[in-house]
Amino acid sequence: MVPRSYPAAVNTAEAINTLVRTHIPLARKIAWQIHGRVRDLLDIDDMIQIGMTALIEAAQRYQDTGEATFGSYASIRVRGALVDHVRNNLTLTRTAVSRRTQIATARKAVAADGGNTDDLSLIAAKLGIGVPELQGWNDQINRVADKSLDEIYDDHSIWFADESPTPENALLTMELRQRLVANLSKLAERDALVLQLYYVEELNLEEIAEILSVSVGRVSQIKKAAIGQLRHWMSED
């Protein structure tokens, strides 16, 4: 009898962390792609968090059978989690969607005033309603609960290790960063989004074109013009 071969499981914390760390761009890329189709309804930060959670769970469950790479397996799990999230949220009533937008606007207003965005009384005041009514709004909106990264956070995981620059390096680059941020804020919203998707999220021009529903050539024009404008402003500072 031929001995039965069992799949090799990724069963060490270090192996899991390595898989997660090397596939973070993949999870973020998928989140941005799906968000591009529903950007008026869902928040990109929520989409990225759900994608990251699905990536971690995929790394924990992955078994190397020799038939599929982890990247392929993770893509299916991340995309599936995000599609489920979209489907669940699109079942919200128009009223719930409207209320979620109003709450988000109120939170931004509270933050602009220097207030605590977790203080329901401040949010309610901005909305002109009472706290109990606000809680009712939240109950209606949050019918579908997503697992938080906090639930799977591990203080000993190298995945969550602090890789921020040293204070010395931070001081050396702070002035340049401040100038760049100030100039980025002057760009048109679409121009800034194209630069973020290309340089931060590492999407290619075709993927950005799909998200923005424009041609690849138009994305290239926007990117080139935005970079030229930034260079001009930076040289004038």
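No value in this document is a laboratory result; all are computed from the given coordinates. Not measured: the values here are computed from a predicted model. Note that each Cβ is placed from the backbone with ideal geometry, even for glycine, and that neighbours are counted across all protein chains shown.
As a ratio to 2.2 N^0.38 Å, the alpha-carbon radius of gyration for the range 8-89 is 1.11. Cross-linked pairs 108/186; 108/224; 29/224: Cα-Cα separations exceed 27 Å for 108/224. Segment residue 64..residue 204, full-extension length gain: 47.5 nm, with 0.36 nm per residue of separation and the alpha-carbon distance subtracted. Across q = 0.14, 0.16, 0.30 Å⁻¹, the range 94-141 modelled as identical point scatterers on its alpha-carbon atoms has Debye log10 I(q)/I(0) values of -0.28, -0.37, -1.16, in the order of the q list. Between residue 213 and residue 118, the contour length at 0.36 nm per residue exceeds the Cα-Cα span by 30.7 nm. Within the shell defined by Cβ-Cβ distances under 13 Å, the residues around residue 26 carry a net charge of +2, with Lys and Arg each +1 and Asp and Glu each -1. Would you calculate the separation in nanometres between label points at residue 192 and residue 236, each defined as 7 Å from the Cα along the Cα-to-beta-carbon direction? So the two model labels end up 1.7 nm from each other. Proximity of backbone amide H atoms, modeled 1.01 Å from N, is registered between residue 64 and 8, 9, 10 at under 5 Å, excluding neighbours fewer than 5 places apart on the same chain.
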